[in-house]
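Visitor: Below you'll find the structure I mean.
Please treat every number below as a calculation from the coordinates, not as lab data. None of these values were measured; they are calculated from a predicted model. Methodologically, a virtual Cβ is constructed for each residue, glycine included, from the backbone with ideal geometry; neighbour enumeration extends over all protein chains shown.
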Amino acid sequence: MVVATAPSQANAASSQRAGPRTAAPQTGFAPWKNPDLSPMVRFEGITKRFDDFVAVNNVTIDIYEKEFFALLGPSGCGKSTLLRMLAGFERPTEGRIIVAGQDITDMPPYERPVNMMFQSYALFPHMTVERNIGFGLKQEGMSKDKIEERVDEAMGMLELRQFAKRKPNQLSGGQQQRVALARAIAKKPRLVLLDEPLGALDKKLRQQAQFELMRIQETTGTTFIIVTHDQEEAMTVASRIAVMEKGLLQQVATPGDIYENPKTRYIAGFIGDVNVFEGTVSKVSEGCIEIDAADGYKFKTKSSESVTVGQKVGLALRPEKIRIGREKPNSDVNVIPGKVEDIGYLGSISHYHVRTAAGERITALRANAAHTVEQSITWEDAVWLDWPVDAGVVLTG
Amino acid sequence: MRARISDLKRWYVIGAPFLWLLVFFLIPFFIVFKLSLSDVATAIPPYTPTFSWSKGISAFISQLDFENYTFLFSDPLYINSYLSSLKIAFFSTILTLLVAYPMAYGMARAPKSWQPTLMMLVILPFWTSFLIRIYAWIAILKPEGFLSLFLIKLGLISEPLQIMNTTTAVYIGIVYSYLPFMILPLYASLEKINPSLLEAAQDLGSQPWRAFWQVTFPLSMPGVFAGCLLVFIPAVGEFVIPDLLGGSDTLMIGKTLWTEFFNNRDWPLASAVAVLLLLVLIIPIVLFQRQQEMEREAGR
Ligand SMILES: Nc1ncnc2c1ncn2[C@@H]1O[C@H](COP(=O)(O)OP(=O)(O)OP(=O)(O)O)[C@@H](O)[C@H]1O
Ligand SMILES: [Mg+2]
């Protein structure tokens, strides 16, 4: 039995936000489930090698129209490389890229129906905000009046009108970020690529900008592909998330799915806080898997994962799914005794860090409204942890 | 005590450049200026008046006049020399820019590990004497020189080229000699350009050639400006190149000045030529200073 420490222990408060978004504006929006739709973007067996180094390894992804698709992964996992191949700045070593049914693998960047917002914004320092935003339209040979109209529209959408005559170095970071976005959408491309678009902003501005991105994406009805290493950001904005690690695609799913049903230990640990118990499969019955944990505990969980008896697996449990109490629950599976070692009081909720007899640390979460009715739990209390059979997720990878 | 030392230090820091300017620029300039107001004389030194304490300052000043300047304007030789110098400097600056830009661009685009080496190669000629390098050009350009021999061998020409002792040779000499002064500021400004700006331009639908004119070139303007002035200013007063490579029909003010000074031994007139040359160059020099100033401001 092992407890995986989530990467974001420190900002535990934020793990609340990292949960699946509840009032998703795209409820019922799931084109990837519709077999009649053909994807807007298709990465087909894309591999990119730099000399001997494999930056992107045989990645296949379908992205549909009007999606807000996130490429998520740690630094150096190949997210930017994948995006740059779509923009045309890098050529795939193997595989094809298809946009709207057209193979664009060999198309130069200036012919692609794609616009990109750069991480460093890449605003032209010698041009005013207005001319920066109008740059793409001018390349199309659009008339002056028409350009002015479209630029004004984009500036209006991002509240940039008062800065029209300024140069980029006379703007704040947040304003520059909006100019970069305005420039990327001014041509009304069908596909907008964003490489860590909010990486340079501070946390508060960043959350504001995330909602702005979502608003723009929805009002323009454009397909957005965003690269980020911030799981919260991906969870907030995306319709679907592709998690990458070391050039490999790990899982593509909705934020809710990724949170509830992570495929591997890596993803479980990467998104939100999680406890992972290690064990071996002892029994597989219809819809249920029983696991013998290393310390003699028995777990049972509903799962459709195909495993065989004797296989080593992990069991992932989100802290909010674990009940914590002073009384021994009358069940002999999914129960672990322990001692409260640490409590993180976070206003409406508290995190309980419990040390088991075997010395593992488990995090459980409890809403504080319960305090008044239930017995309160404090430091050094002997407690019982338990969870229902549908709470755990079996990890094979 | 300590305050006085730091005071002294401050005075030194402020005073040093002024002192430098005074000793190496202002005093020589006033000597030349005074000389330009004198008259030529067969004496040692070859001008009059010379200052003597016994006659006093006012008597000395009363003998100075602007005769030399009026003479400069009355003889078209001088005006033509100035105009011809400006013309040659102007066109050789443009030629130098045309040659230097692709080189600087290539340097800025070369792999980072190569750049110091390329820079070294640009500076390398400075390790040989300027005069020797110009003499080498004589060996190349003269009718029986390397260039003609080479082209005849290739069968491209049948007669030796008549380049030596023409204005063309002067252009070649100036472009060659001042090339590093153009390349270095160009390289400095091209190298600073963020490559993602070009990606952004292409991403927005600009073909590479248009992206160059719309992004790279405007952003390299500080380098173009600095390089052009660094070539133009010394080229106007250039003496060695027209003297060694140019013919008798190549009129340049530096050569005229030399002739007045050493052949005609007319120091006052030569000084007037020099003072006027400085006045001609003051506009580009001030422009250059302002541009450097702005660069420094922008760099902050
Ligand atoms: N031009 C290149 N030449 C050689 N290696 C490269 C090149 N571009 C990227 N790489 C390597 O490919 C890997 C993936 O790079 P990439 O920029 O896609 O990472 P990333 O996922 O965007 O990371 P980050 O979050 O840090 O931006 C890195 O290890 C990087 O060193
Ligand atoms: Mg990146």
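Visitor: Do me a favour and compute the ellipsoid semi-axes for the protein assembly as shown from its Cα gyration tensor, root of five times each eigenvalue, largest one first, whole Å.
Guide: 77, 31, 24
Visitor: Calculated from DSSP H runs of 4 or more alone, at -39500 (n - 2.57) each and per residue, what is the 222 nm mean residue ellipticity of chain B, nearest 500?
Guide: -22000 deg cm²/dmol
Visitor: How would you classify chain A from its alpha-carbon gyration tensor, with a ≥ b ≥ c the square roots of the eigenvalues: rounded for a/c under 1.5, else prolate if a/b is greater than b/c, otherwise oblate?
Guide: It is prolate, given that a/c is not under 1.5 and a/b is the larger ratio.
Visitor: Once the Cα atoms of helix A:129-139 and of chain A are each reduced to a long axis, what angle between those two axes, in degrees from 0 to 90 to the nearest 10, is obtained?
Guide: Approximately 70 degrees, to the nearest ten.
Visitor: With an 8 Å cut-off on Cα pairs and a minimum separation of 6 or more residues, tell me the relative contact order of chain A in percent.
Guide: This gives 18 percent for chain A.
Visitor: Continuing with this model, one more query. Which order, highest average first, do B:289-297, A:387-395, A:175-183 follow once you tally other Cβ atoms within 10 Å for each residue and take the mean per peptide?
Guide: With the highest mean Cβ count within 10 Å placed first, the list reads A:175-183, A:387-395, B:289-297.
Visitor: Among B:E260, B:E144, what is the fewest-to-most ranking by other Cβ atoms within 10 Å?
Guide: So the ranking, lowest neighbour count to highest, is B:E144, B:E260.
Visitor: Of B:P111, B:P160, B:P218, which is the most mobile in a GNM of chain B whose springs link Cα atoms less than 10 angstrom apart?
Guide: B:P111
Visitor: Between segment B:10-57 and segment A:258-322, what is the separation of their alpha carbon centroids in Å?
Guide: If we compute the Cα centre of each part, the gap is 95 Å.
Visitor: So what's the angle, to the nearest 10 degrees on a 0 to 90 scale, between helix A:203-220 and the longest Cα principal axis of chain A?
Guide: Once rounded, one gets 60 degrees.
Visitor: How do A:68-78, A:83-93, A:282-292 rank on mean C-beta neighbours within 10 Å, highest first?
Guide: Order by mean packing, descending: A:68-78, A:83-93, A:282-292.
Visitor: Against the longest principal axis of chain A, how steep is helix A:144-157, in degrees 0 to 90 to the nearest 10, with axes from Cα atoms?
Guide: Result, in degrees: 20.
Visitor: Here is a follow-up. At a Cα cut-off below 15 Å, give the aspartates and glutamates reachable from B:K87, other chains included and same-chain residues fewer than 8 away excluded.
Guide: B:E238, B:D249
Visitor: Using 32 Å as the Cα-Cα cut-off, could you pick out the over-long pairs in A:K283/A:K328; A:K204/A:K321; A:K33/A:K138; A:K48/A:K165?
Guide: The answer is A:K33/A:K138; A:K48/A:K165.
Visitor: How about A:K300: which aspartates and glutamates have a C-alpha closer than 15 Å to its C-alpha, ignoring those fewer than 8 places off in the same chain?
Guide: A:E278, A:E286, A:E290, A:D292, A:D332, A:D386, A:D390
Visitor: Among the lysines, select those whose C-alpha is under 20 Å from the C-alpha of B:K112, and discard any that sit fewer than 8 residues away in the same chain.
Guide: Excluding near neighbours in sequence, the set is B:K192.
Visitor: Hey, got a sec? Which chymotrypsin sites (Phe, Trp or Tyr not before Pro) in segment B:69-121 land in a DSSP loop and have at most 16 other Cβ atoms within 10 Å?
Guide: Details: sites: B:Y69, B:F71, B:F73, B:Y78, B:Y82, B:F90, B:F91, B:Y105, B:W114; in loops: B:W114.
Here the sparse-neighbourhood loop sites are B:W114.
Visitor: Going by the alpha-carbon gyration tensor, a ≥ b ≥ c the square roots of its eigenvalues, is chain B rounded (a/c under 1.5) or, if a/c is not under 1.5, prolate (a/b greater than b/c) versus oblate?
Guide: oblate
Visitor: Moving to a separate point now. Give me the three principal axis extents of segment A:274-393 from the C-alpha atoms, as integers in angstrom, largest value leading.
Guide: Computed over segment A:274-393, the largest-to-smallest principal extents equal 44, 25, 25 Å.
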